[in-house]
């Protein structure tokens, strides 16, 4: 399958490409898909961009998707994107925030407040 055919698959459909072999997408194809993903993200099509970035393993794009999810209060989704990226700094921050929330919930339950 050539790059043009591959890009056409992303038009208007719910498609997720996963490569089990690294050679399925070459550097040129990944770069083209990443540009397409960046364009979609800039146009507000976050979910299509996410699928592309997961497919290509584009760390910066995945981290930006995580930032978007975080800004929308989708903390677990943000953590998933940071973890896949891998963006250790941002995932560590979220893990600390979530663990603090859980600790507080447990503490409230121990006091009979919850």
Query - Selection within the range 46-75 - in a loop (DSSP other than H, G, I, E, B), surrounded by 15 or more Cβ atoms within 10 Å (Cβ to Cβ) and at negative phi - result: 58
Report summary line: Inside the range 76-99, the number of residues satisfying the requirement of being part of a helix (DSSP H, G or I) and either within 13 Å of the chain's Cα centre (by Cα) or buried (at least 16 other Cβ atoms within 10 Å of the Cβ) (or both) is 12
Query - Selection from the range 11-53 of residues that are touching a helix residue (DSSP H, G or I) at 6+ places or on another chain (Cβ under 6 Å) and modelled with pLDDT under 80 - result: 16, 17
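The values are calculated or read from the model by the stated rules, or taken from the named source; none is laboratory data. This one's a predicted model, so the numbers in the text were calculated from it and none came from an experiment. Neighbour counts are summed over all protein chains in view; Cβ atoms, including those assigned to glycine, are modelled from backbone coordinates with ideal geometry.
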